[in-house]
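Following: one structure in structure tokens, then a few remarks.
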Amino acid sequence: QVQLVESGGGSVQPGGSLRLSCAASTTIFSNSNMGWYRQAPGKQRDWVATIQPTGNTVYADSVKGRFTISRDNAKNTVYLQMNSLKPEDTAVYYCNTHPFPLQYWGQGTQVTVSS
């Protein structure tokens, strides 16, 4: 069964931090590059970060140095530690495989950065 469940979002002030989690089914997670994506209101969904099964990571320029992606292969879970948050980081955050996301998407988790 395909499953992607994101959690950990919330409302924070600029400069704050959040840690997102995504639990994936084994059929998705095993041996897959996992990515985080985000979609702001009225905008397209954008890629944020990717982690390979080996642990190698890649980031979008907009989050480089502020966000850290990690994964726990034993738990089929991928994380996104977000520091120094900015208002422009406000979006619904999703996880999926990368660079070819599955047609199925989870419900996402809302991140709001506002003073």
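The values are calculated or read from the model by the stated rules, or taken from the named source; none is laboratory data. Just so it is clear, the model here is predicted, and its values are computed rather than measured. Every residue, glycine among them, receives a Cβ derived from its backbone with ideal geometry; neighbour counts consider all protein chains shown. Just so you know, the surface numbers come from the protein's heavy atoms only, side chains and all, with ligands and any DNA or RNA stripped out. Shrake-Rupley method; radii C 1.70, N 1.55, O 1.52, S 1.80 Å.
Taken over the stretch 47-70, residues that are assigned to a strand (DSSP E or B) and either in contact (Cβ under 8 Å) with a residue 40 or more places away in the chain or more than 14 Å from the chain's Cα centre (by Cα) (or both) amount to 3.
Regarding Ala49, is this residue open to solvent by less than 70 Å² (accessible area, probe 1.4 Å), within 16 Å of Glu6 (Cβ to Cβ), touching a Gly at 6+ places or on another chain (Cβ under 7 Å) and of a type in the set (Gly, Ala, Ser)? Yes; evaluated as a whole, the condition is true for this residue. Applying the criterion of being touching a residue at least 24 places away in the same chain (Cβ under 8 Å) and more than 14 Å from Glu6 (Cβ to Cβ) to the residues of the stretch 103-115, the residue that is surrounded by the most Cβ atoms within 10 Å (Cβ to Cβ) is Val113.
The residue of the stretch 14-46 that is nearest to the chain's Cα centre (by Cα), among those that are surrounded by 11 or more Cβ atoms within 10 Å (Cβ to Cβ) and among the β-branched types (Val, Ile, Thr), is Ile28. Is at least one residue of the stretch 85-94 small (Gly, Ala, Ser) and open to solvent by 30 Å² or more (accessible area, probe 1.4 Å)? No, because not a single residue in the stretch 85-94 is small (Gly, Ala, Ser) and open to solvent by 30 Å² or more (accessible area, probe 1.4 Å).
Lys43 fulfils the conditions (1) part of a loop (DSSP other than H, G, I, E, B); (2) of a type in the set (D, E, K, R); (3) over 26 Å from Gln103 (Cβ atoms) except for a single criterion, (3). For beta carbons closer than 8 Å, sequence separation of 6+ or different chains, a first residue in the stretch 8-24 that is more than 12 Å from Gly106 (Cβ to Cβ) and a second that is charged (D, E, K, R), the qualifying pairs are Gly8/Arg19; Pro14/Lys86.
Criterion applied to Leu85, Leu102 was being outside any strand (DSSP E or B), out of contact with any His (no Cβ under 6 Å at 6 or more places or on another chain) and at pLDDT 95 or above, and the one residue passing it is Leu85. Identify the residue in the stretch 52-82 that is open to solvent by 30 Å² or more (accessible area, probe 1.4 Å) and hydrophobic (A, V, I, L, M, F, W, C) and, among all such residues, is modelled with the highest pLDDT. Among those that are open to solvent by 30 Å² or more (accessible area, probe 1.4 Å) and hydrophobic (A, V, I, L, M, F, W, C), it is Val58.
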